[in-house]
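Bear in mind that the values in this text are calculations on the coordinates, not laboratory data. Note that the structure is a prediction, hence the values are computed from the model and not measured.
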């Protein structure tokens, strides 16, 4: 478990993180989201004791990370996948890390196989592609079989097969009762991997809730309806809690009624439907709406 309590970090007059509190719980994949400059990296560094909070505290499994007797067994970390000795092979890099914690070669071999690096394990890590380096960083985080994982941009550079692999792996680790805390700018992947979200902007907490609640709060779900009888359907769907918007000559976007309700009303009225598709905003759309006023580096409109 990761517990942040009133975290604040100042660099002179600059407030990078302000009064930030949240909890990442065991058995859950928690996504950590925010625009560039929101304070995500600073927060993760404070979790790991790399930056000292100006105020507040953050505990990992009930104590400060720097007080852990064997950190790699408690927390697996990947903040920068390419933080490696480029002249070492993947196997020697992992073995060097393992020896700091009394971890045997068998575990090194296990994580090499787990991340799919067996064929290149003896090659110098400095020659790895971005995706291979990412797999090595994930292997390093998993080496101590930790109860808590903290990963920054874990899918960066991975191919589609690798993205699916890391997605399934993180879900499996959470299902085992581990705490999984990850930051990513890829909203589509976060939507499929995380169940809980911590969203920050300008160093402050915007919301801490589930993925489903973030999406649901962005806008009411709509139903896309295609029919040659749009006028007749409009009259059937009348009501103060209904919004019907024509998007073309034969299509309507309806909010306030489910697809089942619309289908039943159309059948009763004898109206032909060619399409009836529930629509929901994406996590990306919901995130953009949540953080609209917290973007520090906004691009110009075109």
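Converting the Cα gyration tensor eigenvalues of the chain into ellipsoid dimensions via √(5λ) gives semi-axes, longest first, of 45, 24, 17 Å. When only alpha carbons are used to place a centre, segment 173-189 and segment 20-47 end up 11 Å from one another. The angle between the Cα long axis of helix 259-269 and the main principal axis of the chain comes to about 10°, on a 0 to 90 degree scale. Kindly express, to the nearest 10 degrees and within the range 0 to 90, the angle between helix 105-114's C-alpha long axis and the longest C-alpha principal axis of the chain. That works out to roughly 20 degrees. In the chain, the longest principal axis of the Cα atoms and the axis of helix 90-99 are about 70 degrees apart.
A quarter of the convex hull surface defined by the alpha-carbon atoms of segment 122-170 gives 3.8 nm² as the mean projection.
Among the DSSP beta bridges whose two residues both lie in the chain, what percent are antiparallel, rounded to the nearest 5? So the antiparallel bridges amount to about 65 percent of the total. Counting only C-alpha contacts under 8 Å and six or more residues apart, can you give the relative contact order of the chain as a whole percent? 22 percent.
Its alpha carbons give segment 220-279 an Rg and a Dmax of 9.9, 27 Å.
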